[in-house]
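Each remark here refers to the structure printed beneath this line.
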């Protein structure tokens with residue numbers, strides 16, 4: 001099985017500041033934005049692997065990390081393998097897993113065949 005970390009989700013008090021910082025300093029432009037609705041906060045995703053979720057009352061640093069989003073070549077095989085480790089699914093769906101220490105992981109099926117292999121072929125420090 002092969003996989004890559006597609007994004008890291010973080011809580012931030014001032015989402016607009018973070019959008020500007022990551023965009024202007026690191027060139028991590030937005031690829032998706034979801035406005036706040038009901039119990040869900042305003043959220044954005046950048047090209048480059050960040051998900052930011054607005055929480056104006058957040059003072060950090062504990063609790064900042066929300067979950068790891070990992071794209072895989074075969075979601076069904078990964079979820080089957082995770083069961084053998086005693087990992088439990090969260091109410092959000094069977095692809096949302098809670099690890100024993102409390103870390104939450106979202107297992108995502110690659111959207112195009114070969115996408116995980118292509119992402120893993122990039123050697124950013126070479």
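What the table shows:
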| read-out | value |
| --- | --- |
| Helix axis angle, 15-26 relative to the chain longest principal axis, alpha carbon, degrees | 80 |
| For the chain, built as a Gaussian network whose Cα springs stay under 10 Å, the top-fluctuating residue of 82, 115, 36 | 36 |
| P(r), alpha carbons of the stretch 79-126 - 10 Å bins starting at zero, rounded % | 23, 36, 30, 10, 0 |
| Nearest-0.05 FRET efficiency for residue 84 and residue 2, computed from C-beta distance (R0 25 Å) | 0.85 |
| Protection proxy ranking, peptides 106-113, 57-64, average beta carbon neighbours within 10 Å, highest first | 106-113, 57-64 |
| The stretch 1-78 versus the stretch 91-126: alpha-carbon centroid distance in Å | 14 |
| The chain: most fluctuating residue of 12, 105, 87 per GNM, C-alpha cutoff 10 Å | 87 |
| Gaussian network model of the chain, springs between alpha carbon atoms under 10 Å - residue of 23, 48, 93 with greatest fluctuation | 93 |
| Over the chain: helical MRE at 222 nm, DSSP H runs n ≥ 4 each giving -39500 (n - 2.57), nearest 500 | -6500 deg cm²/dmol |
| Overall Cα dimensions of the chain, principal axis frame, Å, largest first | 40, 36, 25 |
| Counting all C-alpha pairs of the stretch 48-113, share separated by more than 13 Å (%) | 68 |
| The chain: antiparallel DSSP beta bridges as a percent of all, rounded to 5 | 70 |
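Each value in this text was obtained by applying a stated rule to the coordinates, not by laboratory testing. On a predicted model such as this, the values are computed, not experimentally measured, just so you know. FYI the Cβ positions are ideal-geometry reconstructions off the backbone, even for glycines, and counts take in every protein chain you see.
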